[in-house]
Amino acid sequence: MRPNWLAGAAVAAVTIGVPATVLAGPGFARPAQAAPLSGTTATTSATFNQVAAALAKKLVGDPYRSGGTSPAGFDCSGLTQYVYAHTGGGKPIPRTAQDQFLAFRQISKADAQPGDLVFFHDSTLLTTYVYHVGVYEGGVDIVAAATPGEGVLLQAYTWAGDTVSFGTITH
C-alpha cells in the first residue's frame, strides 16, 4: 500500500503541470481543476495567467511571419493576441503592441506574474512608443515572436535594458 504522502506528492506533481485548458479555446470556459485527494474537499485551479504562460511556451518553435496571428506564423503582437484569445474562455486584446500597451494596466516588475505582458519601448521613457511585446514567463524570461530566422522563442527580455515595462489585465 502506498503511503498517503506519496499519493499527495503525485497529485501535486500533476497539478503543477500544464493545465488541460491550454489544449482548447472557447469551448472550455473554466480553468482546469485538480481532483481532490480522497477524504478532502480542497481543489486547485490554474489562473488565467498561468494557463496563458503555459500556452505561450507551447508555441515556442512556431515560425515568425510579419502580420501573423496563428501557429502558421506569428509576429510579436499576433502571438500575444493569440495567447490571450485561446486561454480559457479567452480575453480579446488589441492587435498591435502599442495598442496592447495602451489597453493594459501598467505594473511594476515586482507585481508581474507569468502570463502578463512585457512591452519594449523605443527609449527609457516608458510612455514612449512600444515596438515589441512578449508573454512574461517569470524571472527574466518571455516568450516572443522574434525574427523570421528565429520564430517564437523563450528568451530573456534583459537585452533591451531599462526600456521595458510590464502590463496586466488580470490582477
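Structure values in brief
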quantity: Residues within segment 149-171 that are within 16 Å of S77 (Cα to Cα) and in a loop (DSSP other than H, G, I, E, B), tallied; calculated: 3
quantity: Qualifying residue in segment 104-114 (condition: under 14 Å from N49 (Cα atoms), in contact with an Asp or Glu (Cβ under 6 Å, 6 or more places away or on another chain), at pLDDT 95 or above and not small (G, A, S)); calculated: yes
quantity: Every residue from segment 149-167 that is surrounded by 12 or more Cβ atoms within 10 Å (Cβ to Cβ) and under 18 Å from K57 (Cα atoms); calculated: E150, G151, V152, L153, L154, Q155, Y157
quantity: Single condition T47 does not satisfy, out of (1) modelled with pLDDT under 50; (2) surrounded by 14 or more Cβ atoms within 10 Å (Cβ to Cβ); calculated: (1)
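The values are calculated or read from the model by the stated rules, or taken from the named source; none is laboratory data. As the structure is a prediction and not an experimental result, all values here were calculated from the model. Backbone-built Cβ (ideal geometry, glycine too); neighbour counts: all protein chains shown.
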